[in-house]
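Only one structure is covered here, and it is reproduced in the block below.
The values are calculated or read from the model by the stated rules, or taken from the named source; none is laboratory data. Quick caveat, the model's predicted, so the values are computed rather than measured. SASA here: full protein model, heavy atoms, side chains in, ligands and nucleic acids out. Shrake-Rupley method; radii C 1.70, N 1.55, O 1.52, S 1.80 Å.
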Amino acid sequence: MGILKRNVSAQSSRTAVTIVARGNRMQGDLHLTGKLHVDGELEGRIESADDLAVGRQGVVRGTVRARQVIVSGVLEGELHCESLHIERGGRVSANVCSEELIIEPRASFVGERRTPAQAQLVHLEPEPEQNDSNCLEGLDYHLIDSLPDRITLAREGND
């Protein structure tokens, strides 16, 4: 009695999940059609047509493009996604281009977030060092000078 069937296709209607397990370290460019879950360490350029989850022990550094990103561990670099959810204990230090940003209590976000619409509002000549795929390309950085020095976020409800 065999486990593998000869007439079954390797393709499935379900999305494949790629896992970088705890204790593993990967470096380089990843192009995925399915979901990615990182509990180890991953550094480089990551492009996924689906979701990315960074587990509590996970660390991701580099440029990331994914549909939905959920961070319980650490994400550093540049992020392009539809939705970013930083869970309790998660830390994101990145320039983010996303439609939606959710930061739970006791989570950390350090960086800048723009929506895709904001990223296309103002066009400046890009500097030679800039990457053409950068979500923040063409922004008028002089607007930053008009921001207050300190912003305090108030939380509604009890924790």
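Annotation: of all residues in segment 18-69 being within 11 Å of the chain's Cα centre (by Cα) and among the polar types (S, T, N, Q), the one that is most open to solvent (accessible area, probe 1.4 Å) is Gln68.
Identify all residues within segment 70-99 that are open to solvent by 10 Å² or more (accessible area, probe 1.4 Å), outside any strand (DSSP E or B) and of a type outside the set (Lys, Arg); write none if there are none. Residues satisfying the conditions are Ser72, Cys81, Glu82, Glu87, Gly89, Glu99.
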